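Asks: Mind looking over this structure? Questions follow.
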Amino acid sequence: MGTWSARPFGNDSAADWAYELDEASDWGVVSDALRVAAEAVPSDLDSDDAVTAIAAAEVVARGLGRVPESAGSVDAFVARVSAPPPEMVALAVSALAVAASAEGELADLWEGDPEWLAENEKLRSALTTE
């Protein structure tokens, strides 16, 4: 996995996944990415699936207007679709918890990096703040 930033779209897997948003007309592609993580045991979740889930959670937060402008594909997607439903927000919170879990492969790769931890906390806060 090529990584250049601790931000949700700061890696190859998330950036590649964002291209799927170009053709999407509903929240299905986001939901699919979130479900992979939300339904996994943290220690069994592949790091690529984890970064994709974190990126999908940011799309939900962007859809709620709780994060500033994001990757171009994200902003175009959000402009096309309605706000995410409450169940999508709950799914994003669950997926983020699993994807960023200290028990997961992705957390092992980041080795407790404070910037990565802060980015995940900022995203969690964006998803849970009314």
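The values are calculated or read from the model by the stated rules, or taken from the named source; none is laboratory data. Just so it is clear, the structure is predicted and the values come from calculations on it, not from any experiment. Note that each Cβ is placed from the backbone with ideal geometry, even for glycine, and that neighbours are counted across all protein chains shown.
Asks: In the set Ala18, Ala53, Ala38, which member is over 15 Å from Gly104 (Cβ atoms), in contact with a helix residue (DSSP H, G or I) (Cβ under 7 Å, 6 or more places away or on another chain) and not charged (D, E, K, R)?
Replies: When all the criteria are applied, what remains is Ala18.
Asks: Tell me the helices (runs of 4 or more DSSP H) entirely within region 1-75 that contain at least 2 residues that are among the β-branched types (Val, Ile, Thr), within 20 Å of Glu103 (Cβ to Cβ) and at pLDDT 90 or above.
Replies: 47-63
Asks: Residues Ser5, Ser43: which one is touching a strand residue (DSSP E or B) at 6+ places or on another chain (Cβ under 9 Å) and within 18 Å of Leu117 (Cα to Cα)?
Replies: Criteria check complete, one pass: Ser5.
Asks: Output the helices (runs of 4 or more DSSP H) that fall wholly within region 81-130 and possess 1 or more residues being farther than 18 Å from Val36 by Cα and under 12 Å from the mean Cα position of the chain (by Cα), or say none.
Replies: Filter on region 81-130 gives 114-128.
Asks: Somewhere in region 110-123, is a residue within 16 Å of Gly28 (Cα to Cα) and among the small types (Gly, Ala, Ser)?
Replies: No, the conditions are met nowhere in region 110-123.
Asks: Taking region 57-110 on its own, how many of its residues are within 22 Å of Tyr19 (Cβ to Cβ) and not aliphatic (A, V, I, L, M)?
Replies: Number of matching residues: 13.
Per-residue answers, yes or no, for (1) over 13 Å from Pro8 (Cβ atoms); (2) in contact (Cβ under 8 Å) with a residue 24 or more places away in the chain; (3) among the hydroxyl-bearing types (Ser, Thr, Tyr):
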{"residue": "Pro42", "(1), (2), (3)": "yes, yes, no"}
{"residue": "Leu45", "(1), (2), (3)": "yes, yes, no"}
{"residue": "Glu58", "(1), (2), (3)": "no, yes, no"}
{"residue": "Phe77", "(1), (2), (3)": "yes, yes, no"}
{"residue": "Ala99", "(1), (2), (3)": "no, yes, no"}
{"residue": "Pro114", "(1), (2), (3)": "yes, no, no"}
